[in-house]
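Have a look at the structure below, then the notes.
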Amino acid sequence: MTEDSERLLRYAHGIKGMSRRSFLIGSGFGLTLAADLFLTRRVQEEREELQILPITDDDAAQRFPRTRWIIFPGYKTSWEEGGWIANSLQPALSQRGQISVLGYSNRGLNVANIVAALNRYVRIFQVETLYFYGHSFGGMVAIEVASQLRGLGINVELILLDSSPHSRDDVLDQAVFEGVVFLYDAGYRVPTVLRGGYELGERIVNKDERSWQQILNQTLEQLSPLAPSSVLIQSQSSYIYHYNVTRFQGTLGDTRIAFIGNPNDGTVNYSTARPGWAEAFPDNLVSADYVTEGALPAHASPQWNPLIYQSIVVALQDEFLPLPRGGSFKTVY
């Protein structure tokens with residue numbers, strides 16, 4: 001009898017000795033794991049292409065057929081949370097235009113692809129007026145994209161920066177860059193499970209900031225097939241780390257910039273980010289005085305504190321984007 005035959009007989013004997021209950025439990029667990037891996041791979045593949053996700057609003061579409069707000073989501077923000085942010089801001093933003101959200105590609109952050117996609121979007125929908133909302137890290141991307149679009153003849157009238165860092169030095173937790181950026185720049189991609197284990201350990205170490213339930217929920221969300229890929233998160237980290245705002249100075253023309261934030265922000269240093277943007281764009285920054293007072297968490301959280309953010313957005317729009325006299329209702333024939 002060959003060695004392979006003996007191994008097969010031992011395996012068969014082991015199965016025979018296994019209880020029916022244990023066999024069913026093991027099989028069920030295996031099938032569940034296989035289904036989860038299949039679903040994760042399927043969802044991740046569907047999100048490999050950058051998408052501009054519209055928020056349905058028939059009233060805004062009728063009133064502002066040629067005007068768009070584009071929301072640039074923040075670091076590690078999934079497509080679903082981007083939609084949640086948009087829906088939280090919709091009562092305010094829809095007073096000046098229709099709303100769409102960028103769904104970043106799971107292949108990684110690619111500004112050239114974003115510029116190309118928005119260029120096509122503007123041409124296809126004949127957009128005449130464009131506004132950007134930069135959610136945290138998304139504000140850095142919004143500035144660069146606005147700069148590049150201007151070179152294509154497309155002007156962004158207003159960029160609202162929501163607690164956006166103007167450089168990596170504004171990020172309070174510098175550990176976010178340690179290793180992650182080095183590995184990405186060196187060509188290494190961190191598997192989702194490995195990243196999940198690292199960040200789970202980080203949450204446990206800093207448990208005083210979270211309850212055990214919050215740690216569990218955040219870990220499950222991160223490992224969800226809906227969560228951004230590790231490659232996307234690594235590329236976002238690298239983007240923040242290498243961001244040089246001076247590259248865009250003098251390239252925005254008459255685009256206006258408004259900065260909002262919170263002195264209690266525990267993610268981005270408000271005391272350095274606010275003057276940093278003012279120094280970089282003295283001719284473009286028109287407002288940096290609105291504070292998201294009372295917001296919890298204090299950093300870029302319209303999805304958690306919609307009323308606070310809506311009131312600020314309305315005030316900014318009334319001040320810098322006044323409606324034409326006689327109303328703004330437009331009819332398309």
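In this simple spin-label approximation, Leu183 and Asp169 carry label points 7 Å from Cα along the Cα→Cβ vector, and these lie 2.8 nm apart. Expressed as a fraction of 2.2 N^0.38 Å, the value expected for a compact globular protein of N residues, the C-alpha radius of gyration of segment 107-164 is 1.08. The solvent-accessible area of Trp304, taken with every protein chain present and a 1.4 Å probe, is close to 150 Å². The smallest convex shape that holds all Cα atoms of segment 72-156, its convex hull, gives 91 Å³ per residue.
First select every other residue whose beta carbon is under 10 angstrom from the beta carbon of Leu158; then total the charges, Lys and Arg +1, Asp and Glu -1. Net of charged neighbours comes to +1.
In sequence order, segment 171-188 has phi-based couplings of 7, 5, 9, 5, 5, 4, 8, 5, x, 4, 5, 4, 5, 5, 5, 7, x, 9 Hz under the Karplus curve 6.51 cos²θ - 1.76 cosθ + 1.60, θ = phi - 60°, and Gly or Pro positions carry x. Measuring r between the beta carbons of Leu226 and Thr272 and using R0 = 35 Å, the FRET efficiency lands at 0.55. Ordered from highest to lowest accessible area with the whole protein assembly present and a 1.4 Å probe, His135, His166, His242 read as His242, His166, His135.
Modelled spin-label separation between Glu128 and Asp254, with each label point placed 7 Å from Cα along the Cα-to-Cβ direction: 1.6 nm. For the set Asp170, Asp59, Asp283, the ranking by accessible area, highest first and with no ligand, DNA or RNA atoms included, is Asp283, Asp59, Asp170 under a 1.4 Å probe.
Val268 exposes around 10 Å² of accessible area when a 1.4 Å probe is run over every protein chain in place. A 1.4 Å probe, protein heavy atoms only, puts the accessible area of Thr267 near 70 Å².
The values are calculated or read from the model by the stated rules, or taken from the named source; none is laboratory data. Just so it is clear, the model here is predicted, and its values are computed rather than measured. Ideal geometry is used to build each Cβ from the backbone, glycine not excepted, and the neighbour counts take in all protein chains shown. All accessible areas refer to the heavy atoms of the entire protein, side chains included, with ligands and DNA or RNA removed. Shrake-Rupley method; radii C 1.70, N 1.55, O 1.52, S 1.80 Å.
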